[in-house]
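The values are calculated or read from the model by the stated rules, or taken from the named source; none is laboratory data. Note that the structure is predicted; figures quoted are calculated from it, not measured. Neighbour counts run over all protein chains shown; Cβ positions are idealised from the backbone, glycine included. The area values use the complete protein model at the heavy-atom level, side chains included, leaving out ligands, DNA and RNA. Shrake-Rupley method; radii C 1.70, N 1.55, O 1.52, S 1.80 Å.
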Amino acid sequence: MSDGRVDELQVGFRGTMNALFLRDLAEKTHRGLRGRVEQGRSGGGLAYGYDVATDQGEVARQINEREAAVIRRIFRSFADGQTPGRIAVALNAEDICGPRNRLWSGTTIRGHRSRGTGIINNELYRGVLVWNRQRYLKDPQTGRRLARPNPPESWIRTEVPELRIVSDALWQAVQLRQDEIENRSRAIAEGVRIAAKAREQGLLPASSGLCRLLACGLCGGEIIHVGRQRYGCAAHARKKACDNRRTVERRVMDAEIRSVLEEAAVTIMLHAEPLEQETQAQGDLQERRMERERQELVVVDGRIQSVMTAI
């Protein structure tokens, strides 16, 4: 504390003032960003297909024509009936980098429709800037940021025709195809929701986490659940960036992993007792050495005291 006082009253008062200051600062920042978005300016973030430009000291977006051509290709391919996974495979095969110079995946293109994520759901590509779709909270246990959707009435929508990349006709064609897919898969989505709820209530066995201990033998990537009861390479399943198409049944792989862990546990137990005895012997030797040095120190202190008395 600057005044030198540290007590419960000071700590509580200053903690409260700091919390109020941070809350007020967050509200002012949010209000300032909203004003920028309502004027059609950038509110933060940079979507694929755009570059950052400065105009008289003002930061703005401008279309990246090379990436914009890729976006139009994705929209046309999806509207023509191709799946996001096939589109991603074709782009990766041609060495076309995705957002943040990463490989393309089906989820990068498909995203989450209700949240406006993914290439085919970003309304900025049709010249509409949508802001405040979601807010972020911090999990108090893990410290990770969690996205939570805001109600549609709190969204800020601004027309920015200078940032349009795809036409309204192409946009509508993509949305109609997404409607068809959702209608066909509604029963599957409901089944997944019911299964997840049953798993939370303990009516179904939870998915095994043993696959986190594995790695692909070709690319070294992680192993994930492929289908309901099989393991496979994540790079191949998600992005087709690995040639390892082999999958292994869950019960077989779980049994193998458990046998390896059991063997490792037995090995540790066999070596634990000799190691403990060796550690104990080293500790005893160290204790005897320290005791001998303490005795020598007492003798030296006595001699020093004798010399000082003689002086």
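Observations
- Of all residues making up region 197-217, the number that are surrounded by 13 or more Cβ atoms within 10 Å (Cβ to Cβ), part of a loop (DSSP other than H, G, I, E, B), hydrophobic (A, V, I, L, M, F, W, C) and modelled with pLDDT under 85: 2
- Pairs meeting the criteria (first residue in region 135-161 and farther than 14 Å from Arg34 by Cα, second residue acidic (Asp, Glu), beta carbons under 9 Å, at least 6 apart or on different chains) are Arg145/Asp139; Leu146/Asp139.
- Output for region 68-98, where each listed residue is assigned to a helix (DSSP H, G or I) and either open to solvent by 40 Å² or more (accessible area, probe 1.4 Å) or among the β-branched types (Val, Ile, Thr) (or both): Ala69, Val70, Ile71, Arg72, Arg73, Ile74, Arg76, Arg86, Ile87, Val89, Ala93
- Scan of region 99-133 for residues that are under 19 Å from the mean Cα position of the chain (by Cα) and part of a helix (DSSP H, G or I), ordered by number: Pro99, Arg100, Asn101, Gly106, Thr107, Thr108, Ile109, Arg110, Ile119
- Filter result (closer than 20 Å to Gln134 by Cα and either touching a helix residue (DSSP H, G or I) at 6+ places or on another chain (Cβ under 6 Å) or modelled with pLDDT of 75 or more (or both)) within region 36-70: Gly43, Leu46, Ala47, Tyr48
- Residue match in region 264-283 (condition: more than 30 Å from Ile87 (Cβ to Cβ), open to solvent by less than 90 Å² (accessible area, probe 1.4 Å) and under 32 Å from the mean Cα position of the chain (by Cα)): yes
- Meets criteria (surrounded by 10 or more Cβ atoms within 10 Å (Cβ to Cβ), assigned to a loop (DSSP other than H, G, I, E, B) and free of Cβ contacts under 8 Å to residues at least 12 places away in the same chain) for Gly227: no
- Conditions (1) within 28 Å of Ala169 (Cβ to Cβ); (2) open to solvent by 80 Å² or more (accessible area, probe 1.4 Å); (3) at pLDDT below 80; (4) of a type in the set (Val, Ile, Thr); number of the one not met by Thr107: (3)
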